[in-house]
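Here's the structure we're looking at; comments come further down.
Every number in this text was worked out from the coordinates using simple rules, so none of it is lab data. Keep in mind that this is a model prediction, so the values were computed, not measured. Note: ideal-geometry Cβ built from the backbone for every residue, glycine included; neighbour counts use all protein chains shown.
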């Protein structure tokens, strides 16, 4: 498995060059997987401000970022709006959601990357061209990844992946 800050393998470079979209889980990827719950039921999470610049760089490299979240949560909607990225929420079956996205966007599995952190991400990790996990991913998903970040979820892992993809694509004039 390749660690994101080292020199990428030919396999990782080849996968990056073929990307047109990267799907991101939300909880545990954009966040550190913790949630603050208030008495009235509202929730708050913590995420990294580094991610926004990385997402813009990813887009400039020709790759569309997209959030695919199991949970339906106003926090996810608000963060995605702020970051100006599309999201699908309430996806109990991420494999079926991946199928719909592939069809809607005219993509093949090899043209998609996925950054996840937990067992509900396995249906995507096993099918995409560039399966990735955050450094603090659940142990049961690590073996499914081609790439593992150095940075934990919620602390710039999204930025790390975006920067790597953009850097590789820029160095190959894509």
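List of remarks:
- For the chain, the antiparallel share of DSSP beta bridges with both residues in that region comes to about 15%.
- Taking 7 Å steps out from each Cα toward its Cβ at residue 143 and residue 43 produces label points 3.0 nm apart.
- Mean separation of Cα contacts under 8 Å (6+ apart) over length of the chain, as relative contact order %: 33 percent
- Principal-axis tilt of helix 74-83 within the chain, Cα atoms, nearest 10 degrees: 40 degrees
- Three-way shape call for the range 20-174 based on the alpha-carbon gyration tensor, with the a/c threshold at 1.5: rounded
- Ranked for footprinting exposure by Cβ neighbours inside 10 Å, fewest first, 134, 161 give 161, 134.
- 69, 61 arranged by Cβ crowding within 10 Å, fewest neighbours leading: 61, 69
- Angle in degrees between helix 50-60 and the longest Cα principal axis of the chain, rounded to the nearest 10: 40 degrees
- CD proxy at 222 nm, helix term only [per DSSP H run n ≥ 4: -39500 (n - 2.57); per residue of the chain; nearest 500]: -10500 deg cm²/dmol
- Order of 132, 146 under a 10 Å beta carbon neighbour criterion, fewest first: 146, 132
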